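Novice: Got a structure for you, written out below as structure tokens; questions coming shortly.
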Amino acid sequence: MKRTHAALVAAVLLAAARAAEACPACTTRSSGGYMIPILLGAMILTPYLVTTVVLRVVRKAQAAERAFEDSGIAPKTAGEKA
């Protein structure tokens, strides 16, 4: 469910970014109608959304690493056989 939601959000963001095709100064020169504020908002929010996703992934990895360390199981090194 979470992966499907994340994939949907990513697809929407990519579609919005692809539709902009210009910097904010260039898009305001032409008559774009109601889509201009939406595209500008998407361009402004994109870095924040990417940062949020990256932070969640990093924090989840850190939590998993802490849980692994707390379990008391020694990690295998590259030279060890299973």
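Novice: Would you be able to say whether some residue in the range 7-23 is β-branched (Val, Ile, Thr) and either modelled with pLDDT under 65 or loosely packed, with under 11 Cβ neighbours inside 10 Å (or both)?
Specialist: Among the residues of the range 7-23, not one is β-branched (Val, Ile, Thr) and either modelled with pLDDT under 65 or loosely packed, with under 11 Cβ neighbours inside 10 Å (or both), which makes the answer no.
Novice: Oh, and also: Given the structure, is ALA67 in a helix (DSSP H, G or I) and at pLDDT below 90?
Specialist: yes
Novice: Please verify whether GLY72 is modelled with pLDDT of 70 or more and part of a loop (DSSP other than H, G, I, E, B), treating the condition exactly as stated.
Specialist: So GLY72 fits the description; yes.
Novice: Being at pLDDT 80 or above and of a type in the set (A, V, I, L, M) narrows it down to one residue among MET43, MET35; which is it?
Specialist: From the options MET43, MET35, the qualifying one is MET43.
The values are calculated or read from the model by the stated rules, or taken from the named source; none is laboratory data. Note that the coordinates shown come from a computational prediction; the quantities given were computed from them, not determined experimentally. No Cβ is skipped: glycine too gets one built from the backbone with ideal geometry, and neighbour counts run over all protein chains shown.
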